[in-house]
Amino acid sequence: MVTDGDKEFNPHDLYDQFPDGASNGYGPDQGYNTIVRLNDPQLFTDEARRDPAINEFLNAPFSVSFVQLKSSHREAEYYIHKPHLAMSGEVDGIVGTVDGFPIENRHIGTYVINHDATLAKAIMRALIIEDGAQAGQMIHKEPDPQG
């Protein structure tokens with residue numbers, strides 16, 4: 001429960017009022033609401049893995065993940081307001097987890113590109129880095145094409 005002035009409310013009830021992405025064509029089958037590890041060696045060819053920079057990326061002491069969400073949908077609301085639940089696989093509708101996400105210390109540093117842009121009707125994409133102790137994310141909000 002959260003207190004808002006004198007009133008208590010459950011924020012999960014609020015997030016659950018939004019439609020789920022899949023019901024509107026923004027689900028995992030369309031490339032949304034899916035956390036994917038980018039520095040997974042299985043995603044790279046043998047030739048790519050021979051590149052020293054790529055090899056260092058693949059063997060870095062952290063994981064790098066990507067997720068794309070559609071605003072004004074349930075999964076995006078959870079991701080924005082409760083990212084620790086989204087990243088650890090605790091939100092229905094979001095597939096995957098951030099590998100090595102620190103369960104004990106759920107501090108997540110966040111940087112938002114186009115922070116002043118509205119999220120309404122926009123796509124939000126995030127890169128997430130974790131090292132087993134902390135996580136950080138860079139969120140890119142699609143700018144409004146009409147300015």
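The values are calculated or read from the model by the stated rules, or taken from the named source; none is laboratory data. Keep in mind that what you see is a predicted model, and the values were worked out from it rather than measured. Positions of Cβ are backbone-derived with ideal geometry, glycine not excepted, and every protein chain shown enters the neighbour counts. Note: areas computed on protein heavy atoms with side chains; ligands, DNA, RNA excluded. Shrake-Rupley method; radii C 1.70, N 1.55, O 1.52, S 1.80 Å.
When segment 41-83 is filtered for residues that are open to solvent by 70 Å² or more (accessible area, probe 1.4 Å), modelled with pLDDT of 95 or more and closer than 25 Å to Ile123 by Cβ, only Leu43 remains.
The single condition from (1) among the hydroxyl-bearing types (Ser, Thr, Tyr); (2) touching an Asp or Glu at 6+ places or on another chain (Cβ under 6 Å); (3) without any contact (Cβ under 8 Å) to a residue 40 or more places away in the chain that Ser63 fails is (3).
Under 30 Å from Ala133 (Cβ atoms) and surrounded by fewer than 17 Cβ atoms within 10 Å (Cβ to Cβ): does that describe Thr97? Yes; evaluated as a whole, the condition is true for this residue.
Where in segment 1-112 are there helices (runs of 4 or more DSSP H), lying wholly inside it, with at least 3 residues that are within 12 Å of the chain's Cα centre (by Cα)? Filter on segment 1-112 gives 74-81, 83-87.
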